[in-house]
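Below: one structure, written as structure tokens.
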Ligand code: NAD
């Protein structure tokens, strides 16, 4: 009999643990940390702790088998002091109002951090879209769009893709809203197909932003990108593009983990070949010329830069002390729990927080919205150059605030963003 292979330890997912705050609780904790730095604007802090508007909608559709199914949908506008609400729509079986509230609040912070003229919003439907046919998915999307149509619009709140939503779903949302309005309104959503008012460069924008601010942070730390070892969790839209750009800059992408498994190559993985493999097979699993690691071993990989670009709450109190990287760049939203954040900070590991690191996507969404309004479309080079400029400027401002106040980059980003939001709140005043 062959000896038993080591098996990954079965741990209870952090989101099921009793002390888990949930996404909205985590957000509120982040706000608490920032209040001492708000000066006279602290007077308006309650604004940050309450969504401006939360809509729960029933989404009934006829299934292909003739029965009627009901899904619960949400659209939350956390804050619109700086401009219309902006944020994605998520189709996932775990979507809750609390999660959508938190994601909408993080959009307020993100949009203010990169200084695009949007507030924060988010939407979602509690559904596993893999259980629906294409026709059912379209009917659900259209009914949801109609239901939230009373609060969205090109100058009110502009949805975009998020987990399990894509360009096609944005096309259906744009069409439904336009049909209801009686005129074509391309600017009601972003992340549309390029042939329908979408923007060049949008697909790569988040990964490009991750790379851009990652290089800025590395430069400040004296970390040479061309010699850096990089580990990436999630090799989809965000992780795949970031991996490509880091490897083009000479970095070695030594480990990649996705839903199918974890692969490792000390000399560096062949990233273009890996991207082609994922495109063909849907996962990094089965990629040749790489070692297979147990999933849990991913956190022990010897690397300089770690990029979580998959799911929430991946870096936890259970694995934060094992991480070898000097720099963590959060491509995903909310990948680090507050406890893990403190452990990383105590260990001197720099964390580039999601609210700045993955803001490239919404920045190019802003460009898409501007292009739709003017019906004049820019070249990809133009878009990339403007994206890089905005990301670098935002990073420089946040870095300075972190140095001046001796706080983490997450708290610094919240300081910059919350001050912008509350300053707008104060200038506008209360109505009536
Ligand atoms: P995607 O669907 O393209 O890729 C997700 C990746 O995560 C895939 O490689 C998948 O295999 C992997 N994954 C799924 N479950 C996993 C698991 N249990 N363990 C390890 N890996 C797992 O999604 P994306 O657009 O790249 O988004 C990734 C993250 O980035 C999400 O948190 C999303 O909210 C965030 N984000 C995306 C954008 C964007 O523009 N796409 C913008 C901002 C933030």
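Points to keep in mind about this one:
- For the range 274-357, average projected area of the Cα convex hull in nm²: 5.9 nm²
- Whole-Å distance, taken between Cα centres, linking the range 338-371 and the range 33-63: 19 Å
- The range 319-432 shape via C-alpha gyration tensor axes, a/c threshold 1.5: oblate
- Distant alpha-carbon pairs in the range 207-357 (separation over 24 angstrom), percent: 22 percent
- Considering only the range 50-184, percent of DSSP beta bridges that pair antiparallel, nearest 5: 65 percent
- Restricting attention to the range 207-357, close to 30% of DSSP beta bridges with both partner residues there are antiparallel.
- The range 50-184: C-alpha gyration tensor shape, a/c 1.5 cut-off, then a/b vs b/c: prolate
- The chain - mean residue ellipticity at 222 nm from DSSP helices (-39,500 (n - 2.57) per run, n ≥ 4, rounded to 500): -13500 deg cm²/dmol
- Anisotropy class of the range 234-273 from Cα gyration tensor, a/c 1.5 cut: oblate
- Between 24, 378, 369, the GNM of the chain built on Cα springs shorter than 10 angstrom shows 378 fluctuating the most.
- When both the range 71-132 and the range 190-252 are represented by their alpha-carbon centers, they are found 23 Å apart.
- Calculated Rg and Dmax of the chain using C-alpha coordinates, Å: 21.3, 79
- DSSP-defined beta bridges in the chain - what % are antiparallel, rounded to 5: 50 percent
- Taking packing as the residue-averaged number of other Cβ atoms within 10 angstrom, the listed peptides 344-354, 165-175 run from highest to lowest as 165-175, 344-354.
Coordinate-derived values only; no laboratory data. Since the structure is predicted, the reported quantities are computational estimates derived from the model, not experimental observations. FYI the Cβ positions are ideal-geometry reconstructions off the backbone, even for glycines, and counts take in every protein chain you see.
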